[in-house]
Amino acid sequence: MKKVFTFIKSIFVILMIWFVAHSIYITIDGLNDKKTNADVAIVLGNKVNEDGTLSERLKTRLDKCLELYKQNRIKIIIVSGGLGKEGFWEGKKMKEYLIENKIPTEKILIDNYGNDTEKTVENSMRMMDSLNLKSAISVSQYFHQTRIKKLFRKKGFENIESASPDYFELRDFYSIFREFLAYYKEAI
């Protein structure tokens, strides 16, 4: 019985070390903005509040995108999200925010069917292909970026980098755990 307990304890320790190492890796990767330029920024959606305002998390993503645009690091913006349970199309609300912040409407493309990360990647690639866009910067929270870039590269799009807002909250601990599971789900 003692051997079984020792074996289970060893497996648990190995899994914890793996989780911590992975979490450190995705945090460093997600916070590392290589300051590259690209044809397009892809802003992944997030919650729109019940009153139609943007969640703080989503607003900071869009503010990061505005920063990229003002620094001339991108030419076009894709906003991607789905219809939230609050009843708002995330892409439409994101575009409204960007227009309010002086981004020309013709520079913003909407993907209202990016209901999850995989759909955003697929839909963005289709849009970029139709416009002959060859490079992209993903804009999302830091813990999300490693998986986003992995999905793009898995589909053959190599010229993808990332930029994340400086926004941190307690919920990040849950999100890092969720990203750990999602990352390896993709690998299987």
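The values are calculated or read from the model by the stated rules, or taken from the named source; none is laboratory data. Since this is a predicted model, take the numbers as computed values, not measurements. Here Cβ is always computed from backbone atoms with ideal geometry, including for glycine, and neighbour counts include all displayed protein chains. With ligands, DNA and RNA removed, areas are computed over all heavy atoms of the protein, side chains included. Shrake-Rupley method; radii C 1.70, N 1.55, O 1.52, S 1.80 Å.
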- Picking from 119, 107, 150, the residue that is within 13 Å of residue 41 (Cα to Cα) and basic (Lys, Arg) would be 107
- Task: Of the numbered conditions (1) surrounded by fewer than 22 Cβ atoms within 10 Å (Cβ to Cβ); (2) in a helix (DSSP H, G or I); (3) touching a Phe, Trp or Tyr at 6+ places or on another chain (Cβ under 8 Å), residue 129 fails exactly one; give the number of that condition.
- Result: (3)
- Message: Suppose we filter segment 94-106 for residues that are more than 20 Å from the chain's Cα centre (by Cα) and within 13 Å of residue 66 (Cβ to Cβ); how many remain?
- Response: 6
- Which ones in segment 132-161 are open to solvent by 60 Å² or more (accessible area, probe 1.4 Å) and charged (D, E, K, R)? 134, 153, 154, 155, 158
- Can you name every residue in segment 58-107 that is within 17 Å of residue 39 (Cβ to Cβ) and either at pLDDT below 95 or in a loop (DSSP other than H, G, I, E, B) (or both)? 71, 72, 73, 74, 75, 103, 104
- Some residue of segment 167-186 being within 14 Å of residue 32 (Cβ to Cβ) and either assigned to a loop (DSSP other than H, G, I, E, B) or open to solvent by less than 60 Å² (accessible area, probe 1.4 Å) (or both): no
- Note on the structure: Exactly one of 91, 52, 87 is more than 17 Å from the chain's Cα centre (by Cα) and in contact (Cβ under 8 Å) with a residue 40 or more places away in the chain, and that one is 52
